[in-house]
Ligand code: C2E
Ligand code: MG
Ligand code: MG
Ligand code: MG
């Protein structure tokens with residue numbers, strides 16, 4: 001078309017923009033439809049004890065299997081859901097789905113393991129969060145110790161809100177993990193005041209652990225700090241056997257990453273149990 005119109009590319013631009021806007025609108029409508037009609041999926045990635053080499057938990061990670069674009073990752077789902085005002089619906093769906101799945105595995109005779117659910121900043125600020133978690137645990141009949149809530153450091157900036165919310169969650173018997181630890185703004189102060197069970201060391205420290213001596217120092221410091229405070233440490237993004245061995249020698253408690261398994265759909269993760 002550009003050729004036909006010679007140098008007059010204005011029309012091309014306009015039609016591209018229109019096409020873009022049309023596609024965005026279609027995509028939004030499709031996401032709305034997918035959320036409202038239960039077409040999103042949770043994938044699960046195993047968390048391995050470095051001591052026993054057994055699966056001790058799974059992290060639930062959202063996916064959208066789109067008919068034309070294929071598998072879409074959370075980075076493209078969550079911001080759009082927020083834009084559409086569907087963050088709440090989505091957050092509640094994830095919680096419900098993960099707890100239900102975990103109980104379902106128990107009912108099928110698998111050894112009970114913890115399921116970890118990521119909260120968005122919006123989920124964490126939602127004043128009905130604790131009531132929602134409580135309600136979901138009742139509805140799904142999942143014992144609270146088998147649910148872990150993952151939050152990031154940036155969500156703890158409002159210290160009063162964070163303490164109140166985390167204490168209330170902890171009183172329900174739910175476990176709490178700090179995700180991407182070390183990546184954001186870290187205040188060591190909250191570690192002693194917040195009821196935390198796990199620190200998840202951010203992938204960026206684990207990546208280069210075999211080459212970068214500074215990363216080793218940081219990880220060992222995080223591990224001894226955590227153990228001193230009675231917290232367990234999970235290393236994220238473990239991609240090789242050598243990294244796993246190295247972390248095990250540093251007394252890291254658990255590991256998660258492509259070396260063990262990518263996040264998998266339900267029927268595939270079950271084969272690993
Ligand atoms: P996250 O919670 O830190 O999750 C870990 C991310 O690292 C996942 O990406 C996972 O697929 C990826 N990963 C795991 N092992 C490896 C590895 O060995 N190497 C590399 N390079 N990557 C690895 P994913 O699934 O794209 O999720 C990205 C982020 O989106 C998550 O980071 C989490 O913050 C957020 N997210 C995922 N699911 C949900 C959800 O249901 N609700 C909310 N609010 N956020 C979610
Ligand atoms: Mg996470
Ligand atoms: Mg993480
Ligand atoms: Mg994260």
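The values are calculated or read from the model by the stated rules, or taken from the named source; none is laboratory data. As the structure is a computational prediction, the values presented were derived from the model and not from experiment. Positions of Cβ are backbone-derived with ideal geometry, glycine not excepted, and every protein chain shown enters the neighbour counts.
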Point to revise | Residues that are under 12 Å from residue 122 (Cα atoms) and part of a loop (DSSP other than H, G, I, E, B), drawn from the range 71-86 | key: 85, 86
Practice item. Please find, among 42, 90, the residue that is assigned to a helix (DSSP H, G or I) and within 16 Å of ligand 2 (Cβ to nearest atom). Key: 90
Review point. Regarding residue 123, is this residue more than 16 Å from ligand 3 (Cβ to nearest atom) and either free of Cβ contacts under 8 Å to residues at least 40 places away in the same chain or assigned to a loop (DSSP other than H, G, I, E, B) (or both)?
Key: no
Study note, to complete from the structure: Restricted to the range 169-191 and to residues being under 17 Å from residue 117 (Cα atoms) and in a helix (DSSP H, G or I), the residue farthest from ligand 3 (Cβ to nearest atom) is 172
Exercise for review: May I ask you to verify whether residue 142 is assigned to a loop (DSSP other than H, G, I, E, B) and buried (at least 17 other Cβ atoms within 10 Å of the Cβ)?
Suggested key: yes
Practice item. Check whether at least one residue in the range 208-222 is within 13 Å of ligand 1 (Cβ to nearest atom) and surrounded by 18 or more Cβ atoms within 10 Å (Cβ to Cβ), and report yes or no. Key: yes
Exercise for review: Would you point out the residue of the range 192-207, among those that are assigned to a loop (DSSP other than H, G, I, E, B) and within 16 Å of ligand 4 (Cβ to nearest atom), that is surrounded by the fewest Cβ atoms within 10 Å (Cβ to Cβ)?
Suggested key: 207
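Listed here are the residues, each with its yes/no results for (1) within 22 Å of residue 236 (Cβ to Cβ); (2) within 16 Å of ligand 4 (Cβ to nearest atom).
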site: 53; (1), (2): yes, no
site: 59; (1), (2): yes, yes
site: 67; (1), (2): no, no
site: 82; (1), (2): no, yes
site: 88; (1), (2): no, no
site: 94; (1), (2): yes, yes
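Out of all the residues in the range 148-164, is one or more within 16 Å of ligand 2 (Cβ to nearest atom), within 19 Å of residue 255 (Cβ to Cβ) and touching a helix residue (DSSP H, G or I) at 6+ places or on another chain (Cβ under 8 Å)?
no
Evaluate the range 173-181: report whether one residue or more is in contact with a helix residue (DSSP H, G or I) (Cβ under 9 Å, 6 or more places away or on another chain), crowded, with 17+ Cβ neighbours inside 10 Å, within 27 Å of residue 239 (Cβ to Cβ) and touching a residue at least 60 places away in the same chain (Cβ under 8 Å).
yes
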**Study point:** Residue list for the range 245-268, restricted to those being part of a helix (DSSP H, G or I) and either modelled with pLDDT under 95 or surrounded by fewer than 20 Cβ atoms within 10 Å (Cβ to Cβ) (or both)
**Key:** 245, 246, 248, 249, 266, 267, 268
